[in-house]
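The values are calculated or read from the model by the stated rules, or taken from the named source; none is laboratory data. Please read these numbers as outputs of a predicted model, since none were measured by experiment. FYI the Cβ positions are ideal-geometry reconstructions off the backbone, even for glycines, and counts take in every protein chain you see. Just the protein is used for accessible areas: all its heavy atoms, side chains included, with ligands, DNA and RNA removed. Shrake-Rupley method; radii C 1.70, N 1.55, O 1.52, S 1.80 Å.
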Amino acid sequence: MKRKCRVLIVDDDVDICFLMATALESDQIEVLTAHAGENALTLYQSYSPELVLLDIQLPEMSGIDVLAAMKEIDDDCKVIMVTAYATIETAVQAMKLGALDYVCKPFKLPHLRETVQSALDFITSEPEMVETLEEVERRHIEKVLLEVEGNRRLAAEKLGISLRTLYYKIKQYDITGQ
């Protein structure tokens, strides 16, 4: 049987914490809660949750400071910042520190569930082999050259590039047999 995903909710508002926990707890999700930064860090180290919902406005230690400390513990930690005080500066700062997403209060519970589920799906999915832009371009050039039976002038026209650029790309990608 597959282990439940752990989600740590960190918010100094006990009612908001309870509301989010109740909305997220399920057969697939186990919820932990903390109401202050130090407590959150202790729970994070003890339970290694897959995802953290972290309020930016916390007493004693800001959510940004908690995020930075979590990143020191585990550079790969996944965090969604939650705040009623959304500013561009804090959003940018959170994203620079590696936050996955940003949710503004007041939020609708279906939106929160969807955001959390999307994050968990992303976290638990197998990493896909993503082609680089160069690989896509190389494959496309090869396909077009095959379609035009190696006619480079026609291939350049179909690709919307100059013949000189096509020759450069053929050499760059070491495309042979065309």
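Numbers below:
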quantity: Calculated P(r) of the chain - Cα pairs past 23 Å, %; calculated: 52
quantity: With Cα atoms, 0 to 90° folded angle of helix 133-147 axis to the chain main axis; calculated: 30
quantity: Among A99, A23, A156, residue whose mean-square fluctuation peaks in a GNM of the chain (springs only between Cα atoms under 10 Å); calculated: A156
quantity: Solvent-accessible area, 1.4 Å probe, carbon plus sulfur percent, for the stretch 79-178; calculated: 55
quantity: Neighbour count of at most 15 Cβ within 10 Å plus DSSP loop: longest chymotrypsin sites (Phe, Trp or Tyr not before Pro)-free window in the chain; calculated: 86-172
quantity: Gained length - R139 relative to T176, 0.36 nm times residue gap less alpha-carbon distance; calculated: 12.1 nm
quantity: Rough spin-label spacing in nm, given labels placed 7 Å along Cα→Cβ, for E149 and Y47; calculated: 6.8
quantity: Loop-located trypsin sites (Lys or Arg not before Pro) in the stretch 73-111, at most 14 other Cβ atoms within 10 Å (DSSP); calculated: K108
quantity: Out-of-range pairs (alpha-carbon distance over 18 Å; input K143/K169; K78/K108; K143/K171; K71/K108); calculated: K78/K108; K71/K108
quantity: Principal axis box of the stretch 103-175, alpha-carbon based, largest edge first, Å; calculated: 59, 24, 20
quantity: Of L112, G160, G63, farthest towards positive along the dipole that unit charges on Lys, Arg, Asp, Glu beta carbons give the chain; calculated: G160
quantity: Selected from V14, V144, V66 as most flexible by GNM, with the chain as the system and alpha-carbon contacts under 10 Å; calculated: V144
quantity: Of the GluC sites (Glu not before Pro) in the stretch 90-165, those whose Cβ has at most 16 other Cβ within 10 Å and which sit in DSSP loop; calculated: E128, E131, E149
quantity: Relative contact order computed over the stretch 25-147 (Cα-Cα under 8 Å; 6+ residues apart), in percent; calculated: 19
quantity: Spatial extent of the stretch 39-118: Rg and Dmax, with the Cα atoms as the point set, Å; calculated: 12.0, 32
quantity: Heavy-atom surface of the chain, accessible at 1.4 Å and reported per residue (Å²); calculated: 62
